[in-house]
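Single-structure report; data block below.
Each reported figure results from applying straightforward, stated rules to the coordinates on display, with no laboratory input. Since the structure is predicted, the reported quantities are computational estimates derived from the model, not experimental observations. Here the Cβ positions follow ideal geometry from the backbone for every residue, glycine too, while neighbour counts run over all protein chains shown.
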Amino acid sequence: MKKIGIIDTCVDTPEELILAAGFIPYRLFGDPTITHEHADEHVPATHCVWSRNVLEQGLKGLDNDIVGMVSVHGCDCTNRQFDIWLDCVDLDFMHFLNCPLKRTKIAREFYIDDMKEFINHMENYFNIEITEEKIWENIRLTNKIRTILRDISEYRSKMVLKGSEFHKLIKDVMTQDRNEALEVLKNALEKLKSKEPFPNKHLKKVLVTGSLIDDTSFLEHMEESGYQIVVDDLCLGTHYFWTEIDESHEDPLQALADYHFNKPLYSTKIPSHSRYEFIEELSKKYQVDGVINIAQKFCETILYDHPYMNRQFKEKGMPYLFIEKEYNTEAYKQLKTRFEAFAEII
Ligand code: SF4
């Protein structure tokens, strides 16, 4: 099956439209083992490392199965880099989908119109028809995936499933045929039901939030310092499955818009305080020992949010660690001391 690549700083891509078009929605991930000298010819070195890394892969050439890409309005880095993709990356089908910054009634209408444009573009380019029936069929499929991911997610707080293992599972879903992904998830859930909790009882229970974290190896490094990620506020995490699409809605595009407008917010969207409120709610529910906020180097949106988060958590007496990280596996080791020190004080 052919794939449509996705660049999306949040998880605002209506994957169901891509599925209804007969393609696998294939999220493009960075690769922390590569350098990005080609991307650096186009983008200043002070732009987000993750977005430069993905651009580098586009410039070098993506997998042949990827027949197009959609970039969804997120932060300034990815928004503007779409122009570079258009000019310099060898792919014919490229679409920029505007998912608005605000969560207002007018913004919702705007988003629905933009989804219609996306449908028209795919229909005309690939000579296909995307019917309402196909969209509903795929909404039902992705809702099943969300439900099962929520169930699996709970095994993190039961100290049965590592946060990094769960992260890997979500990433697999985001690149697989979704029917196959559903079967994989069902099997994973069955196995978890009979698994014993970790023998180490002294792991610190943390909530992880921050930038687009797609390098599972980074979370593994973190865990080695004595943490269990019991819950998260990440796009490759709760934002992908926390809520569901209303299947009783009359119109599938309105149902999709409502879903995306009501799910947990990433820091590229406003109101920003709702991100903090979601984290606070989760940290109480899962009784975490601390919150770790991780920014990819030069991720402006997370850097802007940090002072507010810092003040709020200080007032509430919640231990809070802020980390700005490189996107490079070698550099992860340098953060070990900071992670160990935080684990000791919480
Ligand atoms: S990590 Fe931050 S700066 Fe980089 S693409 Fe995501 S939101 Fe944008």
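Things worth noting here:
- Exposure proxy order (Cβ contacts within 10 Å, fewest to most) of HIS249, HIS239, HIS36: HIS249, HIS239, HIS36
- The range 196-233-the range 151-194 distance, computed between alpha-carbon centres (Å): 15 Å
- Axis angle, to the nearest 10 degrees, between helix 105-126 and the longest C-alpha principal axis of the chain: 60 degrees.
- Extension gain, ARG80 back to ARG140 (0.36 nm per residue minus Cα-Cα distance, nm): 18.2 nm
- FRET efficiency estimate (nearest 0.05) - Cβ-Cβ, LEU101 to HIS249, R0 30 angstrom: 0.80
- Across the range 95-197, Cα-Cα distances exceeding 19 Å account for 60% of all pairs.
- The distance linking the range 295-319 with the range 1-74 is 27 Å (Cα centroid to Cα centroid, whole angstrom).
- 0 to 90° range, to nearest 10: angle between helix 132-157 axis and the chain longest Cα axis: 10 degrees
- Neighbour counts of other Cβ atoms within 10 Å put SER283, SER267 in the fewest-to-most order SER283, SER267.
- Relative contact order computed over the chain (Cα-Cα under 8 Å; 6+ residues apart), in percent: 19 percent
- Under conditions of 20 °C and 1.002 mPa s, the range 3-130 yields 141 µm² s⁻¹ as its translational diffusion coefficient, taking Rh as the Kirkwood radius over Cα pairs in the Stokes-Einstein equation.
- Between 0 and 90°, nearest 10: helix 336-345 axis offset from the chain longest Cα axis: 60 degrees
- Segment ASP90..THR329, full-extension length gain: 83.2 nm, with 0.36 nm per residue of separation and the alpha-carbon distance subtracted.
- Positive minus negative residues near GLY30 (Lys, Arg vs Asp, Glu; Cβ under 14 Å): 0
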